[in-house]
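The values are calculated or read from the model by the stated rules, or taken from the named source; none is laboratory data. Note that the structure is predicted; figures quoted are calculated from it, not measured. Don't worry about glycine lacking a Cβ; one is built from the backbone with ideal geometry, like all the others, and counts go over all protein chains shown. For accessibility, only protein heavy atoms count, side chains too; no ligands or nucleic acids. Shrake-Rupley method; radii C 1.70, N 1.55, O 1.52, S 1.80 Å.
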Amino acid sequence: MNSTEKGDKLEEAFYRYLLEQQARGEHVFDVHSPEKCKIFKKKSYFCKERNNWVEFDVVVEVYRTGKEKPHSYIVFECKDYKSRIPEKCVTDFSDKLSRIFTHSAKGVLVVSSRLQSGAEAIADNRSMAIVKYDEHGFEVVAERKGHSYLENSFVRTQIFQHDAPIKPLKFSAYHGGNFFGTIHQLLKSIEPRLPFDNESRNGTTRRSIRYLPADQIKNAAEELLTQIGYVTGPVNLTKICSKLAIGLEFSKQSVHDAEGMLILGSANFDHNAILINEHENKKRERFTLGHEIGHFCLDHKQYLISDTVIATDLLINGDSVKPYNFERLEVQANTFASDLILPEGAFRYATEICRIELDIKDRTHGYIYVDDQPCNSQTYWHVLENLSEYFQVSKQAIEIKLKRLGLVNDQRRLNQRPFGAQPLGKALHL
């Protein structure tokens, strides 16, 4: 696919994104009434300097009441590059606008990858906006409701050059020194003559993700387990999805996000649906599904339109030092998944049976003790293996649960599986 075809694909995806926002009541009509706004794709305007027509990718025309001609324009140009987008794209688009419009048009450059850092200064000086948008939609990236939940520092990493891997948003934008997580917030900033709602235009008003106590999350998971009649063993997650009227699909496609990270699964809260991308690690698939069920059960749809899971999301816990507000949602979803897939009562009972079968005794060092001695480390790995097989969840999730419940005293320095340790398989006799 050449660069023109890629640009057209991004343009079509972004145009449809605007229409979807409109259908949800979150599009420009949050700022303008429907009769005052028209949206076009491949719209042409006459350029006197060139004595010819010039076409733009996507245009929003804003009309005053009773007027036949638009009083302002918001013009989008789409650039789909694999590598960092050069500053020249910003200047070229700005020059193109100035030849046709005077002060009635605002330019928005829509890109699929980050821009070189110098583009930020150019965008400021030329009063242009920059939008980073992923064409694949909810199946690939998370989409958050409301810029007030997004810190400027996070949105900036989405748009401008940044080397650290960051989970991408579907939409992020920059204009006039401010950062935005939704299209209507950006358009409010671009068109200042229009009325605003109670939320701060420059995004300085912040609301935090609601804190949920661990007991509240645990109770939500236990209530769900009671509804499906769970007793012990692997939890039937398909039955839970059916109970919650959540559409569940599995796909064998290998899907990656804008940063090249493998997408394990996704949730769409508007459609009440979960999609799991199958791979070789079936146990991780189960935790991924439990994670997404958690988003539904903990009412995260008030913050999210959609969500995706990458491997690093499953490692976020309450002890992690994370700079970004909305990652609390991932902490809550992981806590819920652990409580759902590894119910405390069944887990404690299975762990006790495992201790008996492996002849583990508390010799004043703790319920389960592990250090770098082969005899202790191998036994500990057999504990993880047995519980992993019994509950059909990864050994890593088992270890996190053991530590969370205070059932293991881990004094290892190497913290790795010893050479020669062999799994015992389904050794628990419950």
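Quick notes on this one:
- GLY229 falls short on exactly one of the conditions (1) at pLDDT below 80; (2) small (Gly, Ala, Ser); (3) part of a loop (DSSP other than H, G, I, E, B), and that condition is (1).
- Among residues of region 192-226, those that are open to solvent by 70 Å² or more (accessible area, probe 1.4 Å) and at pLDDT 75 or above, counted: 8
- Against the list (1) open to solvent by 10 Å² or more (accessible area, probe 1.4 Å); (2) farther than 24 Å from GLY229 by Cα; (3) out of contact with any Lys or Arg (no Cβ under 7 Å at 6 or more places or on another chain); (4) at pLDDT 95 or above, the condition LYS403 fails is (4).
- Count of residues meeting criterion [open to solvent by less than 40 Å² (accessible area, probe 1.4 Å) and within 20 Å of SER44 (Cα to Cα)] in region 92-117: 11
- Checking the stated criteria, PHE40 turns out not to satisfy the condition of being in contact with a strand residue (DSSP E or B) (Cβ under 6 Å, 6 or more places away or on another chain) and buried (at least 18 other Cβ atoms within 10 Å of the Cβ).
- Residues of region 210-261 that are of a type in the set (Val, Ile, Thr) and touching a helix residue (DSSP H, G or I) at 6+ places or on another chain (Cβ under 9 Å): ILE217, ILE228, VAL231, THR232, VAL235, THR238, ILE240, ILE246, VAL255.
- The single residue among GLU135, GLU120 that is touching a helix residue (DSSP H, G or I) at 6+ places or on another chain (Cβ under 7 Å), open to solvent by 10 Å² or more (accessible area, probe 1.4 Å) and either modelled with pLDDT under 75 or of a type in the set (A, V, I, L, M) (or both) turns out to be GLU135.
- Residue ID - farthest from the chain's Cα centre (by Cα), chosen from residues in region 85-105 that are charged (D, E, K, R) and within 18 Å of GLU11 (Cβ to Cβ): LYS96
- LYS36 vs. criteria among the charged types (D, E, K, R), out of contact with any Cys (no Cβ under 9 Å at 6 or more places or on another chain) and modelled with pLDDT of 85 or more: no
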